[in-house]
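Report on the following structure.
The values are calculated or read from the model by the stated rules, or taken from the named source; none is laboratory data. Only a predicted model underlies this, so the values are computations on that prediction, with no experimental measurement involved. No Cβ is skipped: glycine too gets one built from the backbone with ideal geometry, and neighbour counts run over all protein chains shown.
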Amino acid sequence: MRKAFAVLVAFIAFSLLAAAQDYNKAEAFSGFQYTSFDTFNIQRSNMMGWDAQVTDYLKKPFGLTADVSGSYGSPNVGGFSTTLRDYSFLFGPTFRAPLQKATPFVHALFGFGHINHSGGSYSSSGFAYELGGGFDIAVAKSFSYRVVQADYYVTKFDDPTNSGNGTQNHFRIATGIVFKF
């Protein structure tokens with residue numbers, strides 16, 4: 001707990017030091033993502049896809065982010081071959097600490113997710129949230145490279161296995177380009 005508090009204090013201190021710099025008012029991210037998908041508490045499945053975000057910075061370090069993403073995979077779940085598609089539509093606050101050449105950030109995004117099986121035998125939508133952050137490296141004044149964005153992604157889909165646990169815990173890693181406005 002002390003380490004987490006120390007990291008939070010350092011993050012806020014760096015943000016205050018950077019307060020005198022010129023800030024971009026908005027940014028758009030587009031990139032590739034890998035998701036370690038919790039396939040209904042049976043196994044973890046590898047899914048690949050895309051992630052797109054738009055963030056409007058209302059105050060210098062604080063913004064609101066809208067995130068849309070899609071992940072696709074063909075896992076063998078419980079002995080059955082399947083093709084899954086997972087989509088999320090999330091919205092929430094983002095806190096960044098823009099430095100001279102880099103910008104670390106954290107966010108908490110909430111909304112809903114949707115999953116379906118390509119054969120049409122299963123489809124579910126439900127509450128979803130994502131907690132995480134990342135690190136951008138400045139390439140030019142108008143864009144950056146998102147080296148990494150790592151998120152803990154949780155969904156509440158109907159449980160087709162009837163195990164009684166409708167919560168799925170996933171992990172995402174994304175990388176891509178950030179356009180600044």
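Observations, loosely collected:
- Reported count of residues in region 51-82, each being farther than 25 Å from residue 98 by Cβ and without any contact (Cβ under 8 Å) to a residue 24 or more places away in the chain, is 6.
- Flag for residue 16 being modelled with pLDDT of 80 or more, outside any strand (DSSP E or B) and hydrophobic (A, V, I, L, M, F, W, C): no
- Scan region 22-81 for residues that are surrounded by fewer than 18 Cβ atoms within 10 Å (Cβ to Cβ), within 21 Å of residue 108 (Cβ to Cβ) and of a type in the set (Asp, Glu) and the total you get is 1.
- Filtered residues of region 119-159 (kept if loosely packed, with under 13 Cβ neighbours inside 10 Å and part of a loop (DSSP other than H, G, I, E, B)): 119, 120, 121, 141, 142
- Taking the conditions (1) over 17 Å from residue 37 (Cβ atoms); (2) touching a residue at least 24 places away in the same chain (Cβ under 8 Å); (3) part of a strand (DSSP E or B) in turn, residue 108 satisfies each one other than (2).
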